[in-house]
Amino acid sequence: FELTVAPNSSRMGATIFVQPLDLVKNRMQLSGQGTKAREYKTSFHALFSILKNEGVGGIYTGLSAGLLRQATYTTTRLGIYTILFEKMTGEDGRPPNFLLKALIGMTAGATGAFVGTPAEVALIRMTADGRLPADQKRGYSNVFNALARITREEGFTTLWRGCVPTMARAVVVNAAQLASYSQSKQALLDSGYFGDDILCHFCASMISGLVTTAASMPVDIVKTRIQSMRMIDGKPEYKNGLEVLMRVVRNEGFFSLWKGFTPYYARLGPHTVLTFIFLEQMNRLYKTRVLDR
């Protein structure tokens, strides 16, 4: 219970601070669809434009959806991870090996993403609303109003629109974080300039956050575009994720797959750093308190 509730509460608290980053990232990913024109020059330009046009409250649009996403995604992910971790732990108390941990993390991440998709759909739509013309705004008052209206107006299954890329992003993030952290840490230790301490863990985590952001952003833009799309003449704007990728590359340029890189990294980077620093310290405590006794 403590393993699930405490981290979940802290993440929901953190959401209040990172919500503007989510909003800026989503707006940038949705800007300039079908054209090479850039609606926002930089992340700061996007932020100041939103503040100018929508006020301070505008940068917190979709906060209720962000909180619900953390409540559903994080609770499920940590719960599944804890259960699988305990089942895979040997009778002597030895934890699973690196490969098994990675598999458990990816499974837990994908399951959590599935459960959290309705809140994700609501979040994408609410954060996108401010950039739409007045006659196209959805005008959801909060996340529960959004979920109810989506169900009533578009059908229950629409709540899971973009579920596949959402789950794929969770798998990519977990896999990229673990692999790039392990490699980065080893490279730093082999350089001879670092010892196995917090400084090394911090630097390896920062590198891991950068790699993870770069690896997961193309999947993230697919998710964002699909979850925000409208029906045109009774047909969806995009048929599938592959079409999103092809149209973005063809109409907006290859590097448009990384629109919103700065706010995404600003959000994911600290999370990666804290994740691995805590993990290293817990592993060290386990070694000194259990294995070395």
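So the values come out like this:
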quantity: Within a Gaussian network of the chain (alpha carbon springs, distance under 10 Å), most fluctuating of Gly105, Gly66, Gly130; calculated: Gly130
quantity: Residue with peak Gaussian network fluctuation, the chain [Cα springs, cutoff 10 Å], from Ile207, Ile232, Ile83; calculated: Ile232
quantity: Within straight-line cross-link reach of Lys185, lysines at Cα separation under 22 Å, skipping those fewer than 8 residues along the same chain; calculated: Lys101, Lys287
quantity: Cross-link reach list, lysines versus Lys239, counting only Cα pairs under 17 Å and skipping chain neighbours closer than eight places; calculated: Lys223
quantity: Geometric extent, Cα atoms of the chain - Rg, Dmax (angstrom); calculated: 20.2, 69
quantity: Ratio Rg/Rh, restricted to the stretch 236-284 and using Cα atoms, in which Rh is the Kirkwood radius; calculated: 1.28
quantity: With DNA, RNA and ligands ignored, accessible area of Met282 (1.4 Å probe; Å², nearest 10); calculated: 120 Å²
quantity: Debye intensity ratio in log₁₀ form over the Cα atoms of the stretch 53-187, taken at each q of 0.13, 0.16, 0.17, 0.19 Å⁻¹; calculated: -0.67, -0.87, -0.93, -1.05
quantity: Segment Phe278-Phe98, extension gain: residue separation times 0.36 nm, minus the distance between their alpha carbons; calculated: 63.2 nm
quantity: Dimensionless Rg/Rh of the stretch 167-293 - Kirkwood Rh, Rg from C-alpha atoms; calculated: 1.14
quantity: Whichever lysines have a C-alpha closer than 19 Å to that of Lys41, once near sequence neighbours (fewer than 8 apart) are set aside; calculated: Lys25, Lys52, Lys259
quantity: Cα pair count fraction exceeding 19 Å, expressed as % - the stretch 118-228; calculated: 58 percent
quantity: Computed lengthening from Asp233 to Lys87, 0.36 nm per intervening residue step minus Cα-Cα distance; calculated: 47.5 nm
quantity: For the chain, built as a Gaussian network whose Cα springs stay under 10 Å, the top-fluctuating residue of Val18, Val171, Val56; calculated: Val56
quantity: Sites Ser191 and Ala214, calculated FRET efficiency, Cβ-Cβ separation with R0 22 Å, nearest 0.05; calculated: 0.50
quantity: Percentage relative contact order, the chain, counting C-alpha pairs under 8 Å, at least six apart; calculated: 22 percent
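The values are calculated or read from the model by the stated rules, or taken from the named source; none is laboratory data. As the structure is a computational prediction, the values presented were derived from the model and not from experiment. Neighbour counts run over all protein chains shown; Cβ positions are idealised from the backbone, glycine included. The area values use the complete protein model at the heavy-atom level, side chains included, leaving out ligands, DNA and RNA. Shrake-Rupley method; radii C 1.70, N 1.55, O 1.52, S 1.80 Å.
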